[in-house]
1. Quick one: work out the % antiparallel among DSSP beta bridges in the stretch 9-143, nearest 5.
2. Once the other residues with Cβ under 10 Å from the Cβ of Glu39 are scored (Lys, Arg +1; Asp, Glu -1), what is the net sum?
3. Can you give the calculated 222 nm mean residue ellipticity of the chain, where each DSSP H run of n ≥ 4 adds -39,500 (n - 2.57) and the sum is split over every residue, rounded to the nearest 500 deg cm²/dmol?
4. In whole Å, what three semi-axes, largest first, describe the equivalent ellipsoid of the stretch 274-324 built from its Cα gyration tensor (square root of 5 times each eigenvalue)?
5. Run the dipole for the stretch 16-86 about the Cα centre, Lys and Arg Cβ at +1, Asp and Glu Cβ at -1, nothing else charged, and hand back the magnitude in debye, nearest 20.
6. About its Cα centre, what dipole magnitude does the chain give when the only charges are +1 on Lys and Arg Cβ and -1 on Asp and Glu Cβ, stated in debye to the nearest 20?
7. Please compute the per residue accessible area over the chain with all protein chains in place, 1.4 Å probe, rounded to a whole number of Å².
8. With a/c under 1.5 counting as rounded, go ahead and sort the stretch 33-75 into rounded, prolate or oblate using the C-alpha gyration tensor (a ≥ b ≥ c being the square roots of the eigenvalues; past the cut-off, prolate if a/b is larger than b/c, else oblate).
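The values are calculated or read from the model by the stated rules, or taken from the named source; none is laboratory data. Source: prediction; values computed, not measured. When we count neighbours, we look across all protein chains shown, and the Cβ atoms used for this are built from the backbone with ideal geometry, even at glycine. When the accessible area is computed, the model is the full protein with side chains, heavy atoms only, and any ligands, DNA or RNA have been set aside. Shrake-Rupley method; radii C 1.70, N 1.55, O 1.52, S 1.80 Å.
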Amino acid sequence: MATETSAFDVDIAIVGGGLVGASLALGLARSPLRIALIEAALPPAAGPQWDERCIALNHASYRVFEALGVWPELAVIATPITSTHISERGRFGVARFTAAEAGLEALGHNIPVRALGEILLRRAAALSQVQLLCPARLRAMRPVAGGIHLQLDQGGDLSARLVVAADGMNSAVRAQLGIAAERLDYAQSAIVTAVRVTRPSPGCAYERFTPDGPIALLPKPNDACSLVWTTPATKLDERLNWTDELFLQHAQDTFGERLGRFTQLGRRQSWPLTRVMSEQLTAPRVVFVGNAAQSLHPVAAQGFNLGLRDVATLAELLLAQPGDPGDSALLAAYAERRHEDRRRVAGFTDRLVRLFSNRVPGLRGLRHLGLLALDLAPPLKEAMLWQNLGLGSGAPQVARGLS
C-alpha cells in the first residue's frame, strides 16, 4: 500500500475553518505538515459593533492563544473577566470567584466572535504550508490506500493522510462516515444580544439561574454588557417579538439591578440549545474536534473552551510524533487523552442545566445550599474554580503553561 507523502495532495485536511479549525492550523505552524483548511462560509464583512456577539475565553484558552502567538492581537479587542457572580433568582445565596483567589490577572476574557474568527483565519491562511479553500464544502469522502479522498462542492478533489472534522455539531464528516451522535434537545434557545447599563461593574461576569434557564451578562467595553438569555422554546417567539422597551423591562426584572438600569438593547439573535455528543472521537484516518466532537449547552461558557483543548491536545500529539499524521496509535492516544476532560465537562454542564431548570419545590432549597456551600467551602470552591479555568485533569500541556 502506498503511503508516501507525495501520494497525497496534503498531509492534513481540516474540514471547517472556523475558530477551532483555524486554531488547529495555527497550532501546526512549526510542523512541516501540508494542510488544507476547508471552510464553507466567507468571513463576515461587517466591522465592529458595540452589540456584536462575543464569546468567553477561560484562562486555559488564553494560554493556548498565547502559545499560538496571536494573543497580542487578541488582547486589543478582549475585555478581561476578573470576577464572576453566580446567583439564583429569588434566593440570597451567591457564589463568587475572583482572579486574585487564583493568583491570576484575569479568570478569562470576553471577545467578539467575528474579530476572533477573522484574526485566526487570516493568520492561518498566511502560513506557507496552509492552503485555504473558501468557500468550499465537503460533498463526499472515501478511503484510499493510506489516506482519505475528499470531493468538494466546487468540483475539486483532494486527498489527505488525515481528515480533521472541525465542521460543527451537524458535522458533514460524521454524516459521511455514518457515525452516530447522542442528541439531547433541551427545548430551549439562547437569545444573544447586548445591553447598556447605568452602573457597569468592570470585569465582573454575572450568571443568574431562573426556572426558565440562566441569564448571563458579561463585561464589554465602557457601559455595555453581552447578554445571553436562555429561553424555553415555547416562549422564544414571544420574546423575540417584544419591542426593545418590553424586552429590556423583562430582562431587567429577571436579572435585577446589580448593574443599575438597562438603557439600550442591541440586535437580538437566537440559537436552539441541543447537546450533541459524537459516539466516536476518531475513525480510521479521521479525528473529531470542537463541536463536531461535542456541542454543549452554553451554561458556564464551557463549549468552545473545551473544543480549544481538543485542538491543543491534537496539535501536541502531531508535533511530538513526526511521520504519518493519520497513524492509528496517534488517534487512539488523542481519544484517550480527551476522554476524561470531555466526560467531566459535558456531564457538569448537563447536570447544571437540569438542576437549575427543575421546578421541583424541594430542589430549590438544595440549590440554595449548594450555592452557599460553593462560596463557603474552600476545597469545593477551588475544585470548581480550576475546572472553570480549564485546568482540570486532562488539560493539554500548553493550557497548563508547559511548552
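1. Antiparallel bridges: around 60 percent, rounded to the nearest 5.
2. Net charge in that neighbourhood comes out at 0.
3. Per the formula, -10500 deg cm²/dmol.
4. After diagonalising the Cα gyration tensor, the semi-axes are 24, 14, 5 Å.
5. Working: 4 positive and 5 negative charges, 58 e Å.
That gives a dipole near 280 debye.
6. 740 debye
7. Using a 1.4 Å probe on heavy atoms only, each residue of the chain averages 43 Å².
8. It comes out oblate by the Cα gyration axes.
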